[in-house]
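First the structure, in the form of C-alpha cells, and then the observations on it.
The values are calculated or read from the model by the stated rules, or taken from the named source; none is laboratory data. It should be emphasised that the depicted structure is a prediction, and the values quoted were computed from it without experimental measurement. Neighbour counts run over all protein chains shown; Cβ positions are idealised from the backbone, glycine included. Areas reflect the complete protein model, heavy atoms only, side chains present, ligands, DNA and RNA absent. Shrake-Rupley method; radii C 1.70, N 1.55, O 1.52, S 1.80 Å.
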Amino acid sequence: MAKKDPTDLTVEEKLKALYQLQVTLSGIDENRELRGELPLEVQDLEDDIAGLTTRIENIQREIEQFDHAVYQKQNEIADAQASLERYHAQLDTVSNNREYDTLSKEIEFQELEIELCNKKIREGMAKMREREFDLHKAEEKKADLEHGLVENLEETHEEEERLKEKALELEKKIEPRLLASFKRIRKGARNGLGIVYVQRDACGGCFNKIPPQRQLDIRSRKKIIVCEYCGRIMIDPELAGVQIEH
C-alpha cells in the first residue's frame with residue numbers, strides 16, 4: 001500500500017502526526033536533559049572509581065612492602081642459620097669456658113633471632129592475605145562501578161538514537177511547510193513544546209484561558225489553531241490520547 005502524501009492528510013491526521021512527533025521530540029529532550037544531569041552522576045561514579053583506584057594502589061603498595069619485609073626476614077634467617085652452623089662448628093674447637101659461654105650466647109641469640117624472624121614472617125603473611133582480600137573486594141567494586149558507568153551511558157545513547165529514528169519517520173508524514181512552522185514554534189518555546197492540548201480550558205503551554213468558541217474550533221479539528229498568547233499549536237485532549245477527569 002502506497003504511503004499517503006503528507007499534503008493529502010486531513011487536518012486531524014496532520015495534528016495527530018504533529019503531536020506524535022512532539023511526544024517523540026520531548027522524549028529526546030528529556031533524554032538530553034538526563035544526560036545533562038548524567039555528568040553529575042558520572043562525576044560521582046568517576047570520583048568513586050578514582051577513590052577506589054587510589055585505594056587499590058595503596059593496598060598494592062602495602063602488599064609489596066609486606067612481601068619485601070618477608071623477603072628480608074627470610075634473608076635474615078638464612079644469615080642467622082649460617083652463623084649458627086659456624087658457631088656450632090667453633091664449639092668443637094674452643095679452648096676455655098669463656099669462649100664456650102660466648103659462643104653459646106651467640107647461638108642462643110641467633111636462635112632467638114630466627115624465632116623472631118619467623119614470627120614476623122607469619123604476621124607479614126597474615127597481613128598480606130588480609131590486604132589481598134581487601135584488594136580483591138576493591139577491584140570487584142571498581143569493576144562494577146565501571147560497568148555501571150558504561151551501561152548508563154550506553155542506555156541513554158541507544159534510547160536517544162531510537163527516538164531520533166522514530167522522529168525522522170514521523171517527519172516524513174508531515175508536509176514540509178507545517179513541519180517548518182512547528183519547528184520554529186518549538187524552537188521559540190521555553191519548554192520545547194510546539195503543540196499542546198487544552199488543559200482546564202487553558203493552553204497547555206502558557207496556561208492562558210481559551211474562550212469557549214475557540215475550544216469548540218479546536219475540538220472540531222477542521223483547521224490548525226494556535227494560541228493567541230504563546231503561538232503554540234493547540235489540539236483537544238482526546239486527540240492527544242489524554243483522559244480528562246470531569
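Out of the residues in the stretch 30-45 that are closer than 27 Å to residue 174 by Cβ and open to solvent by 50 Å² or more (accessible area, probe 1.4 Å), which is modelled with the highest pLDDT? If you could, list the steps in order and put the result at the bottom.
The initial filter retains those residues of the stretch 30-45 that are closer than 27 Å to residue 174 by Cβ, namely 30-35.
Checking the rest, the ones that are also open to solvent by 50 Å² or more (accessible area, probe 1.4 Å) come to 30, 32-35.
Numbers: 30: 81, 32: 72, 33: 70, 34: 66, 35: 62.
Among those that are closer than 27 Å to residue 174 by Cβ and open to solvent by 50 Å² or more (accessible area, probe 1.4 Å), it is 30.
Whenever a residue of the stretch 92-110 is without any contact (Cβ under 8 Å) to a residue 12 or more places away in the chain, its partners that are loosely packed, with under 11 Cβ neighbours inside 10 Å and not in a helix (DSSP H, G or I), lying with C-beta atoms within less than 9 angstrom and at least six residues away or across chains, give the pairs 99/93.
If you scan the stretch 169-204, which residues turn out to be open to solvent by 50 Å² or more (accessible area, probe 1.4 Å) and in contact with a helix residue (DSSP H, G or I) (Cβ under 6 Å, 6 or more places away or on another chain)? Within the stretch 169-204, 173 is the sole residue that qualifies. No other residue among 149, 112, 116, 193 is of a type in the set (A, V, I, L, M) and at pLDDT below 90 apart from 149.
Residues are listed down the side, and each one gets a yes or a no for (1) out of contact with any strand residue (DSSP E or B) (no Cβ under 9 Å at 6 or more places or on another chain); (2) in a helix (DSSP H, G or I); (3) over 27 Å from residue 33 (Cα atoms):
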position	(1), (2), (3)
166	yes, yes, no
170	yes, yes, no
174	yes, no, no
186	no, yes, no
192	yes, no, no
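Candidates are the residues of the stretch 50-78 that are surrounded by 14 or more Cβ atoms within 10 Å (Cβ to Cβ) and free of Cβ contacts under 8 Å to residues at least 40 places away in the same chain; the one that is nearest to the chain's Cα centre (by Cα) is 58. Does residue 209 satisfy the condition of being open to solvent by 70 Å² or more (accessible area, probe 1.4 Å) and more than 35 Å from the chain's Cα centre (by Cα)? Judged against the criteria, residue 209 is a match.
Would you be able to tell me the number of residues in the stretch 83-106 that are open to solvent by 50 Å² or more (accessible area, probe 1.4 Å) and not acidic (Asp, Glu)? Write out each step before concluding.
Narrowing the stretch 83-106 to residues open to solvent by 50 Å² or more (accessible area, probe 1.4 Å): 85-86, 88-90, 92-93, 95-102, 105-106.
Right, trim to not acidic (Asp, Glu) and you get 86, 88-90, 93, 95-98, 100, 102, 105.
Matching residues across the stretch 83-106 total 12.
Scan the stretch 107-141 for residues that are of a type in the set (A, V, I, L, M, F, W, C), surrounded by 13 or more Cβ atoms within 10 Å (Cβ to Cβ) and more than 20 Å from residue 81 (Cβ to Cβ) and the total you get is 3.
For every residue, the table says whether it meets (1) within 27 Å of residue 141 (Cβ to Cβ); (2) in a helix (DSSP H, G or I); (3) of a type in the set (A, V, I, L, M).
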residue: 56; (1), (2), (3): yes, yes, yes
residue: 75; (1), (2), (3): no, yes, no
residue: 81; (1), (2), (3): no, yes, no
residue: 107; (1), (2), (3): no, yes, yes
